[in-house]
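*Asks:* So that we are looking at the same thing, I have put the structure below in structure tokens.
The values are calculated or read from the model by the stated rules, or taken from the named source; none is laboratory data. For clarity, every value in this text was computed on a predicted model and none was experimentally measured. With ideal geometry, Cβ positions are generated from the backbone for all residues, glycine too; neighbour counts draw on all protein chains shown.
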Amino acid sequence: MRALFGRGSGRKRDNSLPSARRRIALWAMAIGLVAGAIELFLPIEDSYRAIRAMVREHPADQTAVVVFVDDGSLNELGVNDPSRADDARVLDQLFRLGARRVFFDRAYADASNESDDAQLAAAMRRHAGRVFIGASLANDADMPNLFPHARFRSAAGIVTINGQEGPLGLSTRFPTSLTIGGAERRSLSAELANVDRPGAWYMVDFATDYKTIPTARYIDILRGRGELAKFRGADVIIAPSSRTSSDFHPIPFNTKIPGALLHVMGAETLKKGYPIDLGWLPAFLAVAVFVGAQSRKRQPSARAATAGFAGLAVIPFALDFAHVSIDVMPALATLSIASVRFARLARDTYRGSTGLQNIAVLQRNRANDQVDVIALKIRNFATISALLTPDQIEELLVKAQAMLQATDESAEFAFDKDTFVWLAARLRQGDLEDHLRGLHALFSTSITVGGQAPDVASSIGVDTDYSAPLRERTENAIQCAEDAAHAGRIYMVAEPRMVEDRVWRLQILSELETAIRNEDVDVFFQPKIALATGAIIGAEALMRWNHPTRGPVDPQQVVGIAEEHNRVDMITRFVLNRAISQARRAIVLDPKFKIAINISALDLRDPMFVGQVEHLLAAYRFPAANMVLEITETAPIENDEIIANALTGLKRLGVRLSVDDFGIGHASLHYLRRIPADEVKIDRSFVTLMDSSIEDRALVRTSIEMIHSLGRTAVAEGVENQAVVDLLREMGCDAAQGYFFAKALPMDELLPRIGEHTIAA
């Protein structure tokens, strides 16, 4: 055991996954950085800001009144624009009503009637220091600035009336002051709010409900009618609002409003304290740090990412109340890209939440001649999986991984089907054997999960071919673990012949086709025994191929490869022909003798298959009721309409159907109800060890009861001793087959046994 614990890896760790996470983080940051720099998400940002303003909406403070020069006023005056003499009368009238200050939202850049201009200028001087007129810097270099005419410059104060609309009119910005006419001048909103902050720009807070800003009509002031008390102590803005005016601007998710209302909203924004605009960098930098930290984790936390999204959504709301604005969309884009890519990488890399790599990820590592590839197979994983819930299975794998991690803290473990695979520091032969025995000893005790403590049976495979590609080495190690399990050994080390076996797999089908044509392939028959009487009641037809150089070939390997290449029909046709022709001899001795033949889901998807079976039955004059077609239960066929039609067609012929390998695939009552089977064969992995395993006994007993409840015959596979026979008979199992009775035999050897009692009844 000394070689088991505290051993260093002695190898360069693969950095492909950390590099992938770093690349994801850097790409996400780069996209967010560019998006922020070019204001790519500004419309979305402004929309979110407007939504937050709607949540905080409040009425205006009533300190400013807007007097509109509207269409009704112009119509009543019979002009397109009020005369400056009228403006003078309105100005005097407003101050008589108690106005604090009056602002004209226009520049008076041109001279008009000299008398009218003189009257307006005189009125302005009468209220010196309390009257302001507008000035505007041109947005286009080819356009002139709008600046008050010389007749008015000394008579009134000058404020700037410039503003900027964001994309799609979703935001508005005003300056606090601009340099125009050779002097720094406050903006209209800054003057209303009495804010002195030269050269700054701020964003208008749309939380002020513009509909609550007090307004009046120009003509009503001129005529001295309407609600006039509202002007006492108020600042007044006189502004155009007729249909010919261009001074209308959009409000997000609303209509266009006169610019004067926006100036009032801007003033209310400033009165609450100068708004601080943090821009997009702070949120982006915070998210960049977070993403960078996440990239260092093997499995970045989805919960932490969710908290990050929530923070980006909520923090701007909180800051709005403190008059602080922050842009979050570049940060949100960065976090979204990184989180989605991290999650996808984790999904492609790891099995659920266990932290175990997928085998394909491990195989992408760089080959290293200083590492052994070790595969530890949980032999009874199918039984354990049937007993535990999916969450409990994940918990079991996590605990098993922790046990393995104690042997090599630097190793990263992969899991494939039922096998752990990892890279370990290269050891000398003697030390390697000690280490493998120590690994096996780790799993000699049960692992407690969810109140249960299932025993874990393990077998280990190792590849030490340091020159081979890593993918080939992992496959060799997994196959060795499988072979060790079949051979009843603790471990098995890959031999050079493994490479030859892979070449063999590439050409096995073409060689099989030749062997069938040359009649070098045969069919043997494993007897099926009635447990009640001990008599042979039928047999399962099994292909046997004795290769001239490789010896006996595993039929399961051949069928598996044939299914992968969609060539299984070649094997099925051969076995059907040979089995039916041979079984006719058994029927002569026992008319009730039934021959069982394995078929694949691929056969059932062949629209010609039912017709071929019907043709063979007729050609050999073989009773359909004496044929049993065994369908592997691992095939997901229950919702396949083509297969359902094929099964119906076979039943119509009178052929009996059997569900094979029950318990290791889609084992469920619903599955059995959907398949019109006459019998169900319980898989050998549950039967073989049931005399020593309480769990297996319970599963077999439950399976038999389920099968009988549906009116099916229960058949047990893999019977290898008398104790199992006795248990099966006690449970009411109908039939069985296995090495305890007989291995597969040629028909000539099976025929003399028909009618005999293989076991005592």
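*Asks:* Look at region 653-685 and say how many of its residues are in a helix (DSSP H, G or I), at pLDDT 90 or above and surrounded by fewer than 18 Cβ atoms within 10 Å (Cβ to Cβ).
*Replies:* 1
*Asks:* Oh, and also: Mind checking whether some residue in region 544-558 is touching a residue at least 24 places away in the same chain (Cβ under 8 Å), of a type in the set (Phe, Trp, Tyr) and either in a helix (DSSP H, G or I) or under 18 Å from Val655 (Cβ atoms) (or both)?
*Replies:* No; the residues of region 544-558 include none that is touching a residue at least 24 places away in the same chain (Cβ under 8 Å), of a type in the set (Phe, Trp, Tyr) and either in a helix (DSSP H, G or I) or under 18 Å from Val655 (Cβ atoms) (or both).
*Asks:* Restricting attention to region 384-409, which residues are small (Gly, Ala, Ser) and touching a strand residue (DSSP E or B) at 6+ places or on another chain (Cβ under 9 Å)?
*Replies:* Ala400
*Asks:* Output the residues belonging to region 473-491 that are under 37 Å from the mean Cα position of the chain (by Cα) and closer than 11 Å to Ala375 by Cα.
*Replies:* Across region 473-491, the qualifying residues are Arg473, Thr474, Glu475, Asn476, Ala477, Ile478, Gln479, Cys480, Ala481, Glu482.
*Asks:* For region 408-422: of the residues being in contact with a Lys or Arg (Cβ under 7 Å, 6 or more places away or on another chain) and at pLDDT 85 or above, which is farthest from Asp369 (Cα to Cα)?
*Replies:* By that ranking, first place goes to Asp418.
*Asks:* Only one of these is surrounded by fewer than 18 Cβ atoms within 10 Å (Cβ to Cβ) and touching a residue at least 40 places away in the same chain (Cβ under 8 Å): Ile587, Ile561. Name it.
*Replies:* Unique residue meeting the criteria: Ile561.
*Asks:* Also, quick follow-up: So Ser246 ticks every box in (1) surrounded by 15 or more Cβ atoms within 10 Å (Cβ to Cβ); (2) over 18 Å from His323 (Cα atoms) but one. Which box is left unticked?
*Replies:* (1)
*Asks:* Now for a separate question. Could you tell me whether region 629-652 includes any residue that is surrounded by fewer than 17 Cβ atoms within 10 Å (Cβ to Cβ), at pLDDT below 90, of a type in the set (Gly, Ala, Ser) and outside any strand (DSSP E or B)?
*Replies:* Among the residues of region 629-652, at least one is surrounded by fewer than 17 Cβ atoms within 10 Å (Cβ to Cβ), at pLDDT below 90, of a type in the set (Gly, Ala, Ser) and outside any strand (DSSP E or B), which makes the answer yes.
*Asks:* Are there any pairs with C-beta distances below 8 angstrom linking a residue in region 691-707 that is in a helix (DSSP H, G or I) to a residue that is among the hydroxyl-bearing types (Ser, Thr, Tyr), with the two at least 6 apart or on different chains, and if so which?
*Replies:* From region 691-707, the pairs are Glu695/Thr383; Asp696/Thr383; Leu699/Thr383; Ile707/Thr713.
*Asks:* If a residue counts only when it is among the β-branched types (Val, Ile, Thr) and at pLDDT 95 or above, which strands (runs of 3 or more DSSP E) contained entirely in region 216-288 have at least 1 such residues?
*Replies:* 235-240
*Asks:* Is it the case that Val204 is touching a residue at least 60 places away in the same chain (Cβ under 8 Å) and surrounded by fewer than 23 Cβ atoms within 10 Å (Cβ to Cβ)?
*Replies:* So Val204 fails the test.
*Asks:* Restricting to region 709-728, name every residue that is buried (at least 16 other Cβ atoms within 10 Å of the Cβ) and assigned to a helix (DSSP H, G or I).
*Replies:* Result: Val724, Val725, Leu727, Leu728.
*Asks:* Quick check on region 433-450. Is at least one of its residues within 26 Å of Arg366 (Cβ to Cβ) and either touching a Lys or Arg at 6+ places or on another chain (Cβ under 9 Å) or not in a helix (DSSP H, G or I) (or both)?
*Replies:* yes
Yes or no, residue by residue, for (1) under 21 Å from Ala128 (Cα atoms); (2) of a type outside the set (Ser, Thr, Tyr); (3) modelled with pLDDT of 95 or more; (4) not assigned by TED's automatic domain parsing to the domain that holds Leu91:
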position: His149; (1), (2), (3), (4): yes, yes, no, no
position: Ser154; (1), (2), (3), (4): yes, no, no, no
position: Ile158; (1), (2), (3), (4): yes, yes, yes, no
position: Gln164; (1), (2), (3), (4): no, yes, no, no
position: Leu168; (1), (2), (3), (4): no, yes, no, no
position: Thr172; (1), (2), (3), (4): no, no, no, no
position: Leu178; (1), (2), (3), (4): no, yes, no, no
position: Ser189; (1), (2), (3), (4): yes, no, yes, no
position: Pro214; (1), (2), (3), (4): no, yes, yes, no
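*Asks:* Can I ask one more? Asp247 passes all but one of (1) in contact with a Pro (Cβ under 7 Å, 6 or more places away or on another chain); (2) more than 18 Å from Asp70 (Cα to Cα); which number fails?
*Replies:* (2)
*Asks:* Is it true that Ile378 is in contact with a Pro (Cβ under 6 Å, 6 or more places away or on another chain), in contact (Cβ under 8 Å) with a residue 24 or more places away in the chain and of a type in the set (A, V, I, L, M)?
*Replies:* In short, no.
*Asks:* Answer with yes or no whether Ala99 is buried (at least 20 other Cβ atoms within 10 Å of the Cβ) and outside any loop (DSSP other than H, G, I, E, B).
*Replies:* Judged against the criteria, Ala99 is not a match.
*Asks:* Something else now. Tally time: how many residues in region 350-385 are at pLDDT below 80, more than 16 Å from Ala20 (Cα to Cα) and in a loop (DSSP other than H, G, I, E, B)?
*Replies:* Adding up the residues that qualify gives 7.
*Asks:* So, one more: On the basis of being in a helix (DSSP H, G or I) and surrounded by fewer than 17 Cβ atoms within 10 Å (Cβ to Cβ), does Ala400 make the cut?
*Replies:* Criteria not met by Ala400.
*Asks:* Are any of the residues in region 207-217 under 30 Å from Arg344 (Cβ atoms) and buried (at least 16 other Cβ atoms within 10 Å of the Cβ)?
*Replies:* Checked region 207-217: no residue is under 30 Å from Arg344 (Cβ atoms) and buried (at least 16 other Cβ atoms within 10 Å of the Cβ).
*Asks:* Moving on. Glu495 - would you say it is without any contact (Cβ under 8 Å) to a residue 40 or more places away in the chain and within 24 Å of Glu472 (Cβ to Cβ)?
*Replies:* yes
*Asks:* Moving to a separate point now. Keeping to region 117-126, report how many residues are crowded, with 17+ Cβ neighbours inside 10 Å and either among the aliphatic types (A, V, I, L, M) or in contact with an Asp or Glu (Cβ under 8 Å, 6 or more places away or on another chain) (or both).
*Replies:* 4
*Asks:* Of the numbered conditions (1) in contact with a Pro (Cβ under 9 Å, 6 or more places away or on another chain); (2) under 29 Å from Lys592 (Cβ atoms); (3) surrounded by fewer than 19 Cβ atoms within 10 Å (Cβ to Cβ), Asn546 fails exactly one; give the number of that condition.
*Replies:* In the conditions (1) in contact with a Pro (Cβ under 9 Å, 6 or more places away or on another chain); (2) under 29 Å from Lys592 (Cβ atoms); (3) surrounded by fewer than 19 Cβ atoms within 10 Å (Cβ to Cβ), Asn546 misses (2) alone.
*Asks:* Please count how many residues of region 289-327 are part of a helix (DSSP H, G or I), of a type in the set (A, V, I, L, M) and under 28 Å from Arg197 (Cα atoms).
*Replies:* Qualifying residue count, region 289-327: 3.
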